[in-house]
Amino acid sequence: MTSISALEKIHKKGLYGNYENKNENNLIKICEIKKLLIIQIVQYKSSSIKTDLTIDGISFPNESMKTNNNEDTRILWSGPKNWLLISKKKDLLKKTKEILNEKDFAITDLSHSRAILSLTGANVKEVLKKGCPYNINELKKNNSVNSVFNGITVTIDILEENPEQVRIYCLRSFGESLYHSITDACLEFGYKNI
């Protein structure tokens, strides 16, 4: 079975918005991220296991908005005893189920239910401020937050600060709406779809 991207029909490569007479390297770059493993991990209230666990050499963050990561995998704090594991390694689902028993944890594969946009450039936080009520200036590298962008529930994950690089996750069915909202917010600065 082949996977069809949520944005396959609308994400077209090219330059858009206020890009004329600007260095292409200074434009916001937008791309759709595909083929990532996304697992939601929730520890049951009845579980007595301490959450100082590790998967792929990464410990689960226990602070709000914190993200722990290595080169291939990120674990985002989503709420008390609730995490998102995002990885390029597809075999981590099986390993996760082996490490975390089903009596203590609910493990759900969300890989095919999310659309993921990556934005990179100097004005990414300014773009996010246009549609997100959260104080984006508070977010630093390896922070993540659940919020909304123009009424669409999103998870914003800050990968880098210089240049600014974020991933925005939303439900697949809202992917096209989020894409149009984000690209509309980028028009002022100019953007390049890659």
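The values are calculated or read from the model by the stated rules, or taken from the named source; none is laboratory data. Everything numeric in this text was worked out from a predicted model, so none of it was measured. FYI the Cβ positions are ideal-geometry reconstructions off the backbone, even for glycines, and counts take in every protein chain you see. We work out accessible area using only protein heavy atoms, side chains counted, and drop any ligands, DNA or RNA first. Shrake-Rupley method; radii C 1.70, N 1.55, O 1.52, S 1.80 Å.
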- Counting only protein heavy atoms and using a 1.4 Å probe, what share of the accessible area of the chain belongs to carbon plus sulfur, as a whole percent? 48
- Message: What is the sum of charges, Lys and Arg at +1 and Asp and Glu at -1, for the other residues whose Cβ falls under 11 Å from the Cβ of Asn143?
- Response: -1
- Just the accessible area per residue of the chain, please: how many Å² with a 1.4 Å probe? 54
- Note on the structure: Counting lysine pairs in the range 1-67 that sit 8 or more positions apart or on different chains, with Cα atoms under 27 Å apart, gives 16
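As an exercise, identify the chymotrypsin sites (Phe, Trp or Tyr not before Pro) in the range 124-194 lying in DSSP coil whose Cβ has no more than 14 other Cβ atoms within 10 Å.
For chymotrypsin sites (Phe, Trp or Tyr not before Pro) across the range 124-194 that sit outside H, G, I, E and B with at most 14 neighbouring Cβ atoms in 10 Å, the list is empty.
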- Query: Sorted by packing (mean other beta-carbon atoms within 10 Å per residue), highest first, where do 37-43, 89-95 land?
  - Reply: 37-43, 89-95
- Task: Report, ordered by chain and residue number, the aspartates and glutamates lying within cross-link reach of Lys81, taken as a straight Cα distance under 14 Å and ignoring same-chain residues fewer than 8 apart.
- Result: Asp52, Glu63, Asp104
- Item | Lysine pairs with alpha-carbon atoms under 26 Å apart, the range 89-154, spacing 8 or more or separate chains | 14
- Could you pull the Cα extents of the chain along its three principal axes, largest to smallest, in whole Å? 59, 41, 30
- Item | Dipole magnitude of the range 53-193 about its Cα centre (Cβ charges: Lys, Arg +1; Asp, Glu -1), debye to nearest 20 | 220
- Query: Do any GluC sites (Glu not before Pro) in the range 75-145 lie in a loop, going by DSSP, with at most 11 other beta-carbon atoms within 10 Å of their beta carbon, and if so which?
  - Reply: Glu102
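Treating only the Cβ of Lys, Arg, Asp and Glu as charged (+1, +1, -1, -1), what charge dipole size does the range 67-120 show about its Cα centre? Round to the nearest 20 debye.
Working: 10 positive and 7 negative charges, 12 e Å.
I would put it at about 60 debye.
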- Task: Using packing as a proxy for protection, rank 58-71, 151-164 so that the peptide with the highest average count of other Cβ atoms within 10 Å comes first.
- Result: 151-164, 58-71
- Lys/Arg +1, Asp/Glu -1 at C-beta; the chain dipole; positive extreme among Ile152, Ser47, Asn18: Ser47
- Note on the structure: Tilt, helix 175-186 to longest principal axis of the chain (alpha-carbon atoms), in degrees rounded to tens, equals 50
